[in-house]
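Structure first, then comments.
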Amino acid sequence: MVVRYERRGPVAVVTMDRPEYRNAQNSAMTYALDEAFYRAAEDDDVAVVVLAGAGPHFSAGHDIGTPGRDADQSFPRRAGLWWDHVGKGGGESRFARESEVYLGMCRRWRELPKPMIASVQGACVAGGLMLAWVCDLIVASEDAFFADPVVRMGIPGVEYFAHPWVMPPRVAKEFLFTGDRMTAARAYELGWVNQVVPREELEERTFALAGKIAQMPRFGLALTKKAVNQAEDLQGLHAGMDSVFGLHHLAHAHNAETSADPLAGMDPRAMKAASNGS
Ligand code: ZN
C-alpha cells in the first residue's frame, strides 16, 4: 500500500507511505490518494481530512526515477474523460496523461467539499507542492522547506501552476528563477502556511486544528470552502492555470525535440546534484 487511510474521530488521515523514496508520487499513489479522498468525502462521520507523508519528508514530488515509476502504465481514469495516454505518441500522450494525473487530479481534490489540512515536514518539492497547495490549510514543521526546481528542466513550474496566487508574483518569480528552498518560516510570513510548529508537535498541532474545525457544521464548511475557492478562481487561478498548462507542454515538447527526453535529461540524481547548496 502506498497510501494509508485511517479515521481518528471526525478526522480522516491520508498518509503517503513511500518513505524510502521520500514519498515520490507515482500513478499508483495518485489513484490511491484519489480513493482515500473519495472515501473521506463519502463518510458522513468524517468532517476534516488531514494529508500527511510518512517518514522525514512530506513529498519529494512526482516519481521521475524510482523502481516503482509507472508513467507508462494504464490506470482507470478518474479526473476527466481524456483517453488513455498509453499507446499514444509525443505531445498527445503527455498532454492526455498530465491532464489526468496531475492537473485534473489536483483540481478534483481541491473540490473535495470538506476542509483538508496538509501536515508538512521536511521536503515539499515540485509535485509535493501541488499536494500541499490543493489543501485548504497547511501546518508545517520548522524543518519543512518548499521548492519548485523544474525550471532546471526548462519547464515553467509544476503542472498545478498556483505559484503567483499562492505568493506575490515577484516572490513567485524568485522562487521559480532560482529553484531555491523556501523555509516554512518564510512561507508563513508570506501567508501561505497557517502554522509553523516544532517537528515533534506537528501531528498534535495538526489534529488540534482539525478537531477545532470539525465542530463547525458540515454544510457551512463546504459552502465556505467553495466561496473562497470561487474567489480565487475569480482572481484568475483556474483560467491562469489552463493557460500555463499550455506553456508547460510547449516546454516538454521542446525538450523532447531538442534533448534526450521531455525532462531535458534531468533524473532525480541530476536534480539533486543541481540543487545542492541551495
Ligand atoms: Zn509535466
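Solvent-accessible area of the stretch 41-104 (1.4 angstrom probe, protein heavy atoms only): carbon and sulfur portion equals 52 percent. For LEU250, the solvent-accessible surface computed with a 1.4 Å probe is close to 110 Å², ligands and nucleic acids excluded. The phi-based Karplus calculation (6.51 cos²θ - 1.76 cosθ + 1.60; θ = phi - 60°) puts the 3J(HN,Hα) values of the stretch 254-266 at 4, 4, 5, 6, 10, 9, 5, 7, x, 9, 6, x, 8 Hz, whole numbers, x for Gly and Pro. Extension gain for the segment ARG39 to ASP70, taken as residue separation times 0.36 nm less the Cα-Cα distance, is 8.8 nm to one decimal. Reported to the nearest whole Å, the Cα centre-to-centre distance from the stretch 231-271 to the stretch 1-75 is 23. In the chain, Cα pairs under 8 Å separated by at least six residues give a relative contact order of 18 percent. Computed with the Debye formula from one identical point scatterer per Cα of the stretch 148-278, without solvent, the log10 of I(q)/I(0) at q = 0.18 Å⁻¹ comes to -1.14. Counting helices only, and only those DSSP H runs with n ≥ 4, report the 222 nm mean residue ellipticity of the chain as the sum of -39,500 (n - 2.57) divided by its residues, in deg cm²/dmol to the nearest 500. So the calculated ellipticity at 222 nm is -12500 deg cm²/dmol.
Rounded to the nearest 10 square angstrom, VAL197 shows an accessible area of 0 square angstrom against a 1.4 Å probe. Average accessible surface for the stretch 1-81: 45 Å² per residue, computed with a 1.4 Å probe over protein heavy atoms with every protein chain in place. Which percent of the Cα-Cα distances in the chain go past 27 Å? Cα-Cα pairs in the chain separated by more than 27 Å: 36 percent. The stretch between GLN230 and ALA274 holds 12.0 nm of extra length on full extension. This uses 0.36 nm per residue minus the Cα-Cα distance.
Once the C-beta distance of LEU81 and PHE177 is scaled by a Förster radius of 35 Å, the resulting FRET efficiency is 0.45 to the nearest 0.05. For GluC sites (Glu not before Pro), the sites in the stretch 19-126 that DSSP calls loop and that have at most 16 other Cβ atoms within 10 Å are GLU111. Ordered by solvent-accessible area of protein heavy atoms (1.4 Å probe), largest first, the residues TYR38, TYR31 come out as TYR38, TYR31. Between 0 and 90 degrees, the angle of helix 169-178 with respect to the longest Cα principal axis of the chain falls at about 50 degrees. Between MET216 and ALA54, the distance separating the two model label sites (each 7 Å from Cα on the Cα→Cβ line) works out to 3.1 nm. For the chain, the number of Lys pairs separated by eight or more positions or lying on different chains, with C-alpha atoms closer than 24 Å, is 6.
Counting only protein heavy atoms, what percent of the accessible surface of the stretch 130-255 is carbon or sulfur at a 1.4 Å probe?
Here carbon and sulfur together make up 59 percent of the probe-accessible area.
Other residues whose C-beta falls under 14 angstrom from the C-beta of VAL193 contribute a net charge of -1, scoring Lys and Arg +1 and Asp and Glu -1. Heavy atoms of the protein chains alone define the surface here; on that basis the stretch 180-278 has 62 Å² accessible area per residue at 1.4 Å probe size.
The values are calculated or read from the model by the stated rules, or taken from the named source; none is laboratory data. A quick note: this is a predicted structure, and the numbers were derived from the prediction, not measured. Note: ideal-geometry Cβ built from the backbone for every residue, glycine included; neighbour counts use all protein chains shown. Keep in mind that these areas ignore ligands, DNA and RNA; they rest on the heavy atoms of the full protein, side chains included. Shrake-Rupley method; radii C 1.70, N 1.55, O 1.52, S 1.80 Å.
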